[in-house]
1. Could you grab me the full set of residues in the range 88-103 that are loosely packed, with under 15 Cβ neighbours inside 10 Å and under 23 Å from His160 (Cβ atoms)?
2. Among the residues of the range 84-95, are any part of a helix (DSSP H, G or I) and within 25 Å of Asn244 (Cα to Cα)?
3. Only one of Leu148, Leu139, Leu101 is near the ligand (Cβ under 10 Å from one of its atoms) and either in contact with a helix residue (DSSP H, G or I) (Cβ under 8 Å, 6 or more places away or on another chain) or in contact (Cβ under 8 Å) with a residue 60 or more places away in the chain (or both); which?
4. Quick one: what pairs do we get from the range 206-235, first residue within 16 Å of the ligand (Cβ to nearest atom) and modelled with pLDDT of 95 or more, second among the small types (Gly, Ala, Ser) and part of a strand (DSSP E or B), C-beta under 7 Å, 6+ apart or different chains?
5. Where residues in the range 104-134 are more than 26 Å from Gln206 (Cβ to Cβ), of a type outside the set (Val, Ile, Thr) and crowded, with 18+ Cβ neighbours inside 10 Å, which of them is nearest to the ligand (Cβ to nearest atom)?
6. Which of the residues belonging to the range 150-180 are out of contact with any Asp or Glu (no Cβ under 8 Å at 6 or more places or on another chain), more than 21 Å from Lys311 (Cα to Cα) and of a type in the set (A, V, I, L, M)?
7. Taking the range 151-185, which residues are in contact with a strand residue (DSSP E or B) (Cβ under 8 Å, 6 or more places away or on another chain) and without any contact (Cβ under 8 Å) to a residue 24 or more places away in the chain?
8. Taking the condition of being at positive phi and small (Gly, Ala, Ser), how many residues in the range 275-327 meet it?
Amino acid sequence: MCIFIDCLLSPVILWPTIIASAIYFLKEYMQGGKFTKVTNETGKVFIVTGANTGIGKETALEIARRGGTVYMACRDMNRCEKARKEIVQETNNQNVFSRQLDLSSLDSIREFAAGFLKEQDKLHVLINNAGVMRCPKTLTKDGFEIQLGVNHIGHFLLTHLLLDVLKKTAPSRIVVVSSLAHTRGTINVKDLNSERSYDEGLAYSQSKLANVLFTRELAKRLEGTGVTVNSLHPGVVSTELARNWAFFQTNLAKYVIRPAIWPLIKTPKSGAQTTIYAALDPDLEKVTGLYFSDCKPKDVAPAAKDEKTGKFLWEESEKWTGLGKSE
Ligand SMILES: NC(=O)c1ccc[n+]([C@@H]2O[C@H](COP(=O)([O-])OP(=O)(O)OC[C@H]3O[C@@H](n4cnc5c(N)ncnc54)[C@H](OP(=O)(O)O)[C@@H]3O)[C@@H](O)[C@H]2O)c1
C-alpha cells in the first residue's frame, strides 16, 4: 500500500496528473453556458445556413434530435449531403433536407428562397449562421466585398425573402450568428465595400457589427408581428472558420499557437449552445432585438446601438440587394 502511495506521489506521476487535471477542468470551464431545457420541435420547420460543418452542423443536429424539420442551406452540396446523412443516421429523423444556397450570389439566394417556399408554407426559425472570416480580398458574384457580402448582405436578402412566411407562421424567430468581433467593428460609411482600402480583420468585424445593427433595426420593424430577431456570439469555437486566415495556416500557428490555446476554446457542440438557446428556449418567445452570449443576454458595443448607422446600413443593403424596388 505504502509503495503504491509513494509511487503516486512521485514527481514523475504527480505533476503530469496535476497539469492534465488542470487542463481538463480549464477546458470544461471554457465550454460556457449550455441549453439544457427539454423541448419537442416536432412539426416545426427550421432553416440553418452553413449547416454542413462547425456550429451550423451542431445546431442542425440538435434540432433534428429534438424532432424538428431542418433545411440545411449550404453552398457545397457534397459536403451538405454528407453532413445530412450523418445527422439522419445519428438522430433517425428523416425530415432533414440539404438544399443549395450560396450566400455570395443574389441569384442563388433567390433560387433557394423560391424553392423553399414551393416546398413549405411554414418557417418557425431562420438561423443565419453561415460565415467567412479574414478572407483575402475577394468579391462576391455581385461585386460585394466577400465578408460583408456573405455574412451580412446575403443574409439580409435571404431574411427579407422569407419574412412573409415567418410572419404567417408566427410566433417565429430569426437568429443571427454574429461575434464578439463586432465590438472591434465600425461601419465604413465612406467605403462600405472596402474599395479604397482593405483590411481582412476590419472587414470581418464590420460584417459582424452589421449583423448586430441589422438585428436591432429589424426587431424594431417587426414589432407586433410575432416574429422575433436576436443576435449572438457563440464563443471562440474550434471550427473551420480560420481556413482563409493565412496566419492560421503557418507552422507556428499549427504546432504552437493552436495547441497552446486548445484548452481555452469551445468544441462545436458547445459553440452551438447559444444558437440553440436563442432558437428554442420557450422563455424567449417574445424577446427580440437582444444579443446573447453563453446562453444569456449581453450588452452590445456602443457602435451597435447607433441607430443612424443602423438606418444607413439598412438603406445601403436594400440598394445593394435590389430590395425596396421590387419587394
Ligand atoms: N468559430 C468561432 O470561433 C466563431 C466566433 C464568433 C462567431 N462565429 C460565427 O459563427 C458562424 C459559424 O461559423 P463556424 O465557426 O461554424 O465556421 P465554419 O466551420 O467555417 O462554418 C461556416 C459555414 O458557413 C458556410 N459558408 C461560407 N460561405 C458560404 C456561402 N457563400 N454560402 C453559404 N454558406 C457559406 C460554410 O460552408 P463551406 O463548408 O462549404 O465553406 C460552413 O458551412 C459564422 O457566422 C461565424 O462568423 C464563429
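1. Within the range 88-103, Gln100 is the sole residue that qualifies.
2. Checked against the condition, which is being part of a helix (DSSP H, G or I) and within 25 Å of Asn244 (Cα to Cα), the range 84-95 yields at least one hit.
3. One residue alone meets the criteria, Leu101.
4. Asn211/Ser231; Val212/Ser231; Thr215/Ser231; Leu232/Ser293; His233/Ser293
5. Per the criteria, the residue is Phe116.
6. Within the range 150-180, Leu166, Ala170, Leu180 qualify.
7. none
8. 3
The values are calculated or read from the model by the stated rules, or taken from the named source; none is laboratory data. The structure displayed is predicted, hence computed values, not measured ones. Backbone-built Cβ (ideal geometry, glycine too); neighbour counts: all protein chains shown.
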